[in-house]
1. Using the crude model of +1 on Lys and Arg Cβ and -1 on Asp and Glu Cβ, and no other charge, please compute the dipole size for the stretch B:14-61 relative to its Cα centre, in debye to 20.
2. Evaluate E = 1/(1 + (r/R0)^6) for residue B:88 and residue B:146, where r is the Cβ-Cβ distance and R0 equals 41 Å; express this FRET efficiency to the nearest 0.05.
3. Between rounded, prolate and oblate, where does the stretch A:8-58 land on the alpha carbon gyration tensor, with a ≥ b ≥ c its root eigenvalues, rounded for a/c under 1.5, else prolate if a/b exceeds b/c?
4. Taking the Cα centre as origin and putting +1 on Lys and Arg beta-carbons and -1 on Asp and Glu beta-carbons, what dipole magnitude results for the stretch A:8-58, to the nearest 20 debye?
5. Per-residue HN-Hα couplings for the stretch B:8-24, Karplus 6.51 cos²θ - 1.76 cosθ + 1.60 at θ = phi - 60°, whole Hz, x for Gly and Pro?
6. Return the FRET efficiency for the residue pair residue B:42, residue A:209: r is the Cβ-Cβ distance, R0 is 45 Å, and the value is rounded to the nearest 0.05.
7. In terms of modelled amide H atoms, which long-range or inter-chain residues lie less than 5 Å from the amide H of residue A:168?
8. Taking H placed 1.01 Å from N in the peptide plane, check which residues at least 5 places from residue A:178 or on another chain put their amide H under 5 Å from its amide H.
Amino acid sequence: MTTMHLEDGALVRYLDEECDGDEQAAVRGHVTGCDACAGRLAEFERRSRTLKVALRDSDRPARGARPVPRPGLRAAAAVLVLLAIGGAVRPVRAWVLERAEALWTALTGGSEPVAPVGSVAPAQTAVSFVPADGPFTIELAGRQSAGTLSLEAVPGDTARATVLGGSGAESLVVLPGGLRIVNPPASTARYRIALPVRLGPVRVMVGGAAPRVFDPGGPPLEIDLGGR
Amino acid sequence: MAAHRAAVVRYLCRYTGDPDLAEDLAQETFVRLYHRPPADRSEPRRWLFTVATNLARDAHRTARRRGELAREGVDRLPVADPPPDPAAAVEREEVGKRVRAALAALPERDRTILLMREEGFSHREIADAVGTTTKSVGTLIARALDRMAGALEPEAG
């Protein structure tokens, strides 16, 4: 009498609970009476478990939690990314990611839909980024109907800019040496910017007005943007 | 969405073996979500991982042509938190190295299949992502696990 063994694919489907009803019962019935297939099934189960543990144990920490990688490798990685994908400009990415987050929420039926064009519903936009060392400038298109710009220093390397009470028309664009706030004249939004304390004096330019200076080592600064 | 971003970064890190490249590719994945959202919005998570896989594959091919990144990725390390037991750390380090090297040596499709399975995708979703039939995914997983046996169970290799 010839014993027909199960295909490996059937054993893995059984292990992953991917069999249809008939196959599930057939595999279960077979492995209870076939030592070879039961052993093979146990082997797949053991290897799957070992792989899961090994992958989890060897996962690397997030970028912010790791030491700065060697410059050569970073450069190589950056070159590879640019070569591979044609490279969106990095500073723009953070801005896009914030929009992607809203889009994702809309795609998955979340409770924070993308604000439609012209919406007057209060919107909140935020972006986190790590400013490079060196001069840092915050630019606004100009004064607006009402609102304020608040600046404060925070520990760590990450800056965060938040738009509060905006119409959805405001944008935050992270630049290599600063942050651009694209604010329409009719805006009444407030902007809260938290900057790493390690930064030197930060220039704040509102339209063509004389620049103000925020010292992260000093007290918070609030600038009234209204009066347009 | 933070959980999805973390999952995409983890997946890409495992796929490429390079955490910095993984984060860049994850960002690009979400940039594409913004610029070119999926026409079929019923399975956005699968769409994300498919795009991430394609980007990783392209980057991997470029790296292989350049012959630099894969070698560095396998050798670079460390794990997130130093465990209290040094011997366990060494052991874990060795297993991690073996697994990363074994993953890097797998054909791209097999690597994608194993890593998407780890992220909890169904065989149907995996099949869609790699362009095969649902039924063949089980066979491909079995084959990939066999190929990984040496790394997972040194005595079996």
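1. Dipole about the Cα centre, nearest 20: 280 debye.
2. FRET efficiency, residue B:88 to residue B:146: 0.90.
3. Oblate, since a/c reaches 1.5 and b/c is not below a/b.
4. The calculated dipole for the stretch A:8-58 is roughly 320 debye.
5. My calculation for the stretch B:8-24 gives 5, 4, 4, 4, 5, 5, 5, 5, 8, x, 10, x, 6, 4, 4, 5, 5 Hz in order.
6. 0.35
7. Result for residue A:168 returns A:123.
8. Long-range HN contacts for residue A:178: A:137.
Taken together, the values in this text are just the output of simple stated rules run on the coordinates, not laboratory data. Remember, predicted model here, so these are calculated numbers, not experimental data. Every residue, glycine as well, gets a Cβ built from its backbone with ideal geometry; the counts of neighbours run over all protein chains shown.
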